[in-house]
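We did not get these values from a lab; they are worked out from the coordinates using the rules stated. This is a predicted model, so every value here is computed, not measured. Neighbour counts run over all protein chains shown; Cβ positions are idealised from the backbone, glycine included.
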């Protein structure tokens, strides 16, 4: 991903949010693999985030569709849209919750179910706990009610 494409993405994102009537500052960060971090700063964060980040996920899908239609990038790409650091804070919270739950499971030797989570949230938990030798994790249930169960390793 070259600098010209990143500038095009920033301009397209600014135009996209300008049409919403919300005042946002857009920062496009250096891509990680094929994922382009687009960070927003705004006083209207809760409007963009929505309940449990659902609105943010939908806006991310819309923005990606707009960028694809405008052909701002060559080849496949993904967008990681964040507002006022919401996703970073959520990821830190999920990693801490996962470690705490895993420690509890390892200690009492009983499985523990975590709350329902979006796919990207479950992935954070699975990755965080993947290196542990004393527990295993598994996603169970059907969308949109999927959750993680942490089990002691036999």
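Key figures for this structure:
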| read-out | value |
| --- | --- |
| Dimensions (Å) - the chain, Cα atoms, principal axes, largest first | 53, 31, 25 |
| Region 38-89: equivalent-ellipsoid semi-axes (sqrt of 5 x gyration tensor eigenvalues, Cα, Å) | 22, 11, 9 |
| Relative contact order %, the chain, counting alpha carbon pairs below 8 Å whose residues are six or more apart | 17 percent |
| Kirkwood hydrodynamic radius (C-alpha pairs) into Stokes-Einstein, region 79-154, 10 °C and 1.306 mPa s, D in µm²/s | 124 µm²/s |
| The chain: angle of helix 86-108 to the longest principal axis, Cα-based, in degrees nearest 10 | 10 degrees |
| Gained length - residue 14 relative to residue 70, 0.36 nm times residue gap less alpha-carbon distance | 18.8 nm |
| Nearest-ten-degree value, helix 3-18 long axis tilted from longest Cα axis of the chain | 90 degrees |
| Cα long-axis angle, helix 119-129 against the chain (0 to 90 degrees, to the nearest 10) | 50 degrees |
| Per-peptide average of other Cβ atoms within 10 Å, ordering 103-114, 74-85 highest first | 74-85, 103-114 |
| Estimated translational D of region 3-84 in µm²/s (Stokes, Kirkwood radius over Cα pairs; 4 °C; 1.567 mPa s) | 102 µm²/s |
| Gain on full stretching of the segment that runs from residue 23 to residue 149 - 0.36 nm per residue minus C-alpha separation | 41.3 nm |
